[in-house]
1. Please give the residues of the stretch 39-71, grouped as numeric ranges, whose backbone N is less than 16 Å from a label point set 7 Å along the Cα-to-Cβ vector of residue 31.
2. Mind pulling the per residue volume of the convex hull built on the Cα atoms of the stretch 1-47? Å³ is fine.
3. Report the gain in length on full extension from residue 2 to residue 62: 0.36 nm times residue separation, minus Cα-Cα distance, nm rounded to one decimal.
4. Just for the Cα atoms in the stretch 39-89, what are the lengths along the principal axes, largest first, rounded to whole Å?
5. What Kirkwood hydrodynamic radius, in Å, does the stretch 8-109 give when the mean of 1/r is taken over all pairs of distinct Cα atoms and then inverted?
6. Using the basic label-point model (7 angstrom from Cα toward the beta carbon), what is the residue 40 to residue 75 distance in nanometres?
7. Putting +1 on Lys and Arg Cβ atoms and -1 on Asp and Glu Cβ atoms, find which of 53, 117, 30 reaches farthest to the positive end of the dipole of the chain.
Amino acid sequence: MINLLVDEAYAFDYLSILEIKKNKNPKNYGNWFSCYTYLQNQFDNNKWTSMISSLEYKEMIKANQSTFEAVDKAKNNLVTAKDVDFCNYQRHLAKQKFQQKFFNSNLSETKIGYEKYS
C-alpha cells in the first residue's frame with residue numbers, strides 16, 4: 001500500500017464507502033477495518049469519536065449510499081446520468097461540510113460545472 005496526501009474529508013469519504021461495502025457484503029470487512037484503524041490511529045480518542053459519530057460523517061454515508069443506489073439503477077436505465085451526477089454533487093457537499101467542521105478548512109478539490117446546482 002502507498003500513502004496518499006489527501007484532504008481529511010476525502011479519507012473519511014473513502015472510509016464511508018468502505019462501510020457501505022462492508023454492510024453489503026461481510027467479505028469487505030477487512031478493507032473497512034484496515035482503513036478504520038489506520039485513520040483512527042492518527043487522532044486522539046475524543047477527536048476520533050466526535051468525527052466518526054458526527055452528523056456530518058453520517059451525511060457522507062447517506063450521500064454515498066444514494067450514489068451507490070443511483071449507479072445501480074443507472075445500470076438498468078432507471079435513472080438519468082443527471083440523477084447520478086446530482087448524487088455525486090451531494091457527496092461533494094457532505095465532504096465539504098465535514099472538512100469545514102472538523103478541520104476548519106476548505107477542500108482542496110475544486111468542482112467544475114456545478115454552478116446549476118448552486
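1. Counting only backbone N, you get 64-65, 68-69.
2. Numbers: hull volume 3.9 nm³, N = 47.
Measuring per residue, one finds 83 Å³ for the Cα hull of the stretch 1-47.
3. Numbers: separation 60, 0.36 × 60 = 21.60 nm, distance 2.78 nm.
Difference between extended and current length: 18.8 nm.
4. 45, 17, 13
5. Roughly 14.3 Å, rounded to one decimal.
6. Going from the residue 40 label point to the residue 75 one covers 3.1 nm.
7. Farthest along the dipole direction, towards plus: 30.
A short reminder: the numbers here are calculations on the coordinates, not readings from a lab. Quick caveat: nothing in here was measured; it's all calculated off a predicted structure. Here the Cβ is made from the backbone with ideal geometry for all residues, glycine too, and neighbour counts use every protein chain on show.
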